[in-house]
Amino acid sequence: MIHRASPPGMEKAIVTERDQHPISRKQISENALKVLYKLGSAGYCAYLVGGSVRDLLLGKTPKDFDVATNATPEELKQIFRNARIIGRRFKIVHIRFGREIIEVTTFRAPHEADNEIADDVSRRQIKGLDSAHSTSGMILRDNVYGSIDEDALRRDFTINALYYTTENFRILDFSTGLKDMETRQIRMIGDPRERYKEDPVRMLRAVRFSAKLDFDIEESTKQPIKELAHLLGSISSARLFDETLKLLTGGHAQATFALIREHDIGDYLFAPTMEALDSDESPACNLVDLALRNTDIRISEGKSVTPAFLFAALLWPVLTQRLRSESYEKKFDFQIYQRCANAVLIEQLDYTAVPKRFTIAAREIWELQLRLERRAKHFLGNALNNPRFRAGYDFLLLREESGEDLKGVGQWWTDFQIGDTKQRTELIARVASPINRRKRRKK
């Protein structure tokens, strides 16, 4: 089937010609260009869309490149052997080129108003529908295809609804995207209240883009967030975990977390942490801010960050509060410590489905704090070979930096790592274990 070169809806676009914008093909992924040109050769229309166009206009390097087209997912599968259709609620196509994936979506149309489903319906009951939304407004299924202008108006924010075409290298704007780029605003397309009801995760995206781009959230887009934040409670904990990672590992975690607290969104992601931060001013609370800041610094330097370390930091105030309630008082009671750590992690799983590999690692980082503070002889021999030692040591230093008085333990471990055999022996000799102290007191 051959489609028209210019799809319906094009006449509604505000067109920016090549000599009026800074985007060059040299800045675009070669694989994304391959997809655009191959679809064009097959008789379809295809455009770069969303974050890549936005970031290129801002002089940033896009993390990935998304394509929108009038080819259906099934047609894309016929054109690209390396294509895979994923998703049920919202079908998209991933075209893989080695380690790079180009995400391709078909132009969407408004969902069919008649397909209203009760909020407590099972997924099986909407299986045969191309479009469905709940009585509360949330989109349950969205696979009705339309024109490019309809597709633009189905996107979330104006700055994410800009299209770049290799045909004369133009930028197409169907809303106020370019104007909002100039005024540095995050503006929802359509009625913000209804759009948040369709997909409450858009509230998280508004905050994330605001922090990432240093844009203000436009007033009518911002106003309903606090009122509708409770809708995030209807989102699966697995999806909220994925969104949380985007919020905290995009290089702007500190600013994002501040906005999450400001807009009362945090109660649906980290309720125990928010409660601890609101009721306490201990070093454990300072540690959260330091961890987020250090995460941003590491990302800016091209270094990796581990979700386990982030969650260990975010939940540290909760753990310290629970330990105080257990009258723990630095007795090195490993069983109490483990019980409290497990309870904190289980409670967090009610909000975000943190994978087991991360909860295990976070718990090990916490447990290492006991061992690093105690510096027992049997632990010292293999401490540096412990796979979590570096994370545990970094966490220890973060605790000291946050204002916790650990009696110089952080410096001791720094000296121990860089010392030779003689120096390490001397350092060990300075440390009397709690058992030896008790024996001396008895004598």
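Please get the size of the charge dipole for the stretch 253-443, origin at its Cα centre, with Cβ charges of +1 on Lys and Arg and -1 on Asp and Glu, quoted in debye to the nearest 20.
On the way: 30 positive and 26 negative charges, 373 e Å.
Dipole about the Cα centre, nearest 20: 1800 debye.
Taking the Cβ of residue 102 as the centre, find all other residues whose Cβ is under 10 Å away and add up their charges (Lys, Arg: +1; Asp, Glu: -1).
Working: positive: 34, 96; negative: 64, 66, 100, 103.
Net of charged neighbours comes to -2.
Only bridges with both residues in the chain count here: give the DSSP antiparallel percent, nearest 5.
Numbers: 27 of 35 bridges.
Restricted to the chain, the bridges split so that about 75 percent are antiparallel.
Can you give the Rg to Rh ratio of the chain, both from alpha-carbon atoms, with Rh computed by the Kirkwood formula? Before the final figure, lay out the partial values.
Details: Rg = 26.4 Å, Rh = 24.9 Å.
Answer for the chain: 1.06.
Need the full-extension length gain, residue 293 to residue 342, defined as separation in residues times 0.36 nm minus the C-alpha distance. One decimal, nm. Each step should come with its number before you reach the end.
Details: separation 49, 0.36 × 49 = 17.64 nm, distance 2.64 nm.
Stretched out fully, the residue 293 to residue 342 stretch lengthens by 15.0 nm.
Using a Förster distance of 35 angstrom, determine the FRET efficiency expected from the C-beta separation of residue 11 and residue 193, and round it to 0.05.
Numbers: r = 30 Å, r/R0 = 0.86.
For R0 = 35 Å, the calculated efficiency reads 0.70.
Taking K and R as +1 and D and E as -1, what net charge do the other residues with C-beta under 11 Å from the C-beta of residue 321 add up to? Let's see the in-between values first.
Details: positive: 322, 324; negative: 275, 280, 326.
Once positives and negatives cancel, what remains is -1.
What is the gain in length, in nm to one decimal, between residue 214 and residue 357 on full extension, counting 0.36 nm per residue of separation less the C-alpha to C-alpha distance?
Details: separation 143, 0.36 × 143 = 51.48 nm, distance 3.32 nm.
Taking 0.36 nm per residue and subtracting the Cα distance, the gain is 48.2 nm.
If I model a spin label as a point 7 Å beyond the Cα along the Cα-Cβ vector, how far apart are those points for residue 374 and residue 423 in nm?
Each label point is offset 7 Å from its Cα along the Cβ direction, giving 2.7 nm.
Which entries of 212/303; 222/303; 34/179 have Cα-Cα distances beyond 24 Å here? Walk me through the numbers before you get to the answer.
Numbers: 212/303 18 Å; 222/303 33 Å; 34/179 30 Å.
Distance filter (> 24 Å) returns 222/303; 34/179.
Using θ = phi - 60° and the Karplus relation 6.51 cos²θ - 1.76 cosθ + 1.60, list the HN-Hα couplings for the stretch 220-235 in order, rounded to whole Hz, with x at every Gly or Pro.
With the stated coefficients, the stretch 220-235 comes to 5, 7, 7, 3, x, 4, 4, 5, 9, 4, 4, 5, 5, x, 8, 7 Hz.
Tally Lys and Arg at +1 and Asp and Glu at -1 over the other residues with C-beta under 12 Å from the C-beta of residue 290: what net charge comes out?
-4
Quick note: the coordinates plus some simple rules give every number you see, no bench work behind them. As the structure is a computational prediction, the values presented were derived from the model and not from experiment. Positions of Cβ are backbone-derived with ideal geometry, glycine not excepted, and every protein chain shown enters the neighbour counts.
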